[in-house]
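Q: Would you mind keeping the following structure in view while I ask a few things?
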Amino acid sequence: MILAPVPLTPDRDIPAPVLSELTALYAANREFQALSGDFPDPDDIRPEQVAEALADELAHPDAEVLLARAEGRLVGVVVTLARHPDPADPDPWIGLLMVGAGAQGKGYGRRIAEEIERRFRAAGRDAVRLAVLEENPKGLAFWTALGYEVIDHRPDRERGRPCAVLRKELGAGG
């Protein structure tokens, strides 16, 4: 599996073929999209909506949007944030980790998470955080199985949705 930054055109747009792949990945995760409310109609996710959703991430200097590919096809996307907007929060964050519906259950999510942890560890970071929507028991089960622990419950910063905040120490071995 290869994890690489999303390519951008000179105008800092996502190239159309990549945007099509991302749109298909987002659309294939209908259950999550319906839960998150990030798109007006989870049954009709359009490329321009995905581009808009990622534009804020791509504009943030501490954010990184990475594509996960296996055997040449897109299997996942992950958004990380090196610094949280709250200066009292010292840890980097995983803002989103989404695996394509057809690639779920094959270990890609775990491998993506482990690679992100490795990157943060190599950058000298001690821990990583993320938030899971309270109404997403599958997401919570996934992250706790990887060793993340719930440290708080609070609304998310963008929409006020109830979330569990999880944290994992990044010791020398993981």
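The values are calculated or read from the model by the stated rules, or taken from the named source; none is laboratory data. Given the structure is predicted, the values throughout are model-derived calculations rather than measurements. For neighbour counting, all protein chains shown are included, and Cβ atoms are generated from backbone atoms with ideal geometry for every residue, glycine included. Heavy atoms of the whole protein, side chains included, go into the accessibility calculation; ligands, DNA and RNA do not. Shrake-Rupley method; radii C 1.70, N 1.55, O 1.52, S 1.80 Å.
Q: Using θ = phi - 60° and the Karplus form 6.51 cos²θ - 1.76 cosθ + 1.60, what ³J(HN,Hα) does each residue of segment 68-85 get, whole Hz, x for Gly and Pro?
A: For segment 68-85, the Karplus-derived couplings read 9, 10, 10, 6, x, 10, 6, 10, x, 9, 9, 10, 10, 10, 5, 9, 6, x Hz, x marking Gly and Pro.
Q: Of the listed values (i) 0.93; (ii) 0.97; (iii) 1.06, grab the one calculated as Rg/Rh (Cα atoms, Kirkwood Rh) from the structure here.
A: (i)
Q: So what's the angle, to the nearest 10 degrees on a 0 to 90 scale, between helix 16-28 and the longest Cα principal axis of the chain?
A: Once rounded, one gets 60 degrees.
Q: Could you state the accessible area per residue of the chain in Å², with a 1.4 Å probe and every protein chain left in place?
A: That works out to 54 Å² per residue.
Q: Which order, highest average first, do 44-52, 163-171, 9-17 follow once you tally other Cβ atoms within 10 Å for each residue and take the mean per peptide?
A: Details: 44-52: 15.4, 163-171: 18.0, 9-17: 10.7.
Highest-to-lowest ranking by the protection proxy: 163-171, 44-52, 9-17.
Q: Need the full-extension length gain, ALA24 to GLU115, defined as separation in residues times 0.36 nm minus the C-alpha distance. One decimal, nm.
A: Values: separation 91, 0.36 × 91 = 32.76 nm, distance 2.34 nm.
Full extension from ALA24 to GLU115 adds 30.4 nm.
Q: May I pose another question? Where the centre of each part is set by its Cα atoms, how far does segment 1-38 sit from segment 104-130, in angstrom?
A: Here the two parts' Cα centres lie 19 Å apart.
Q: What's the carbon and sulfur percent of the chain's accessible surface, probe 1.4 angstrom, rounded to a whole number?
A: Here carbon and sulfur together make up 51 percent of the probe-accessible area.
Q: Related question: May I ask you to rank VAL77, VAL150 by accessible area, largest first, using a 1.4 Å probe over the protein chains only?
A: Result of the area sort, largest leading: VAL150, VAL77.
Q: Expected output is a single nm value to one decimal: the length gained when fully extending between ALA51 and ARG157, i.e. 0.36 nm times separation in residues minus the C-alpha distance. What is it?
A: Length gained between ALA51 and ARG157: 36.1 nm.
Q: Okay, moving on. Note the angle between two axes, namely the Cα long axis of helix 47-59 and the longest principal axis of the Cα atoms of the chain, as a number of degrees from 0 to 90, rounded to the nearest 10.
A: That helix lies at roughly 40 degrees to the long axis.
Q: Kindly write out, for segment 116-123 in residue order, the coupling ³J(HN,Hα) from the Karplus curve 6.51 cos²θ - 1.76 cosθ + 1.60 (θ = phi - 60°), rounded to whole Hz, with x marking Gly and Pro.
A: Those phi angles translate into 5, 4, 4, 4, 5, 4, 5, 7 Hz.
Q: On to the next question. Note the full-extension length gain between LYS106 and ALA34 as 0.36 nm times their separation in residues minus their Cα-Cα distance, in nm to one decimal.
A: Full extension of this stretch gives 23.6 nm more.
Q: Another question, then. Rounded to the nearest 0.05, what FRET efficiency is calculated for LEU8 and THR144 with R0 set to 30 Å and r the Cβ-Cβ distance?
A: 0.30
Q: Does a label point 7 Å from the Cα of HIS84, set along Cα-to-beta-carbon, have any residues of segment 129-146 with amide nitrogen under 20 Å, and which are they?
A: Within reach of a label on HIS84: 129-136, 139-146.
Q: What do you reckon, how do ARG118, ARG125 stack up by accessible area (1.4 Å probe), largest on top? Walk me through the numbers before you get to the answer.
A: Numbers: ARG118 115, ARG125 50 Å².
Largest accessible area first, the residues go ARG118, ARG125.
Q: Output wanted: per-residue J couplings in Hz (rounded whole) for segment 140-146, from phi through Karplus 6.51 cos²θ - 1.76 cosθ + 1.60, θ = phi - 60°, x for Gly and Pro.
A: 4, 5, 4, 5, 5, 5, 8
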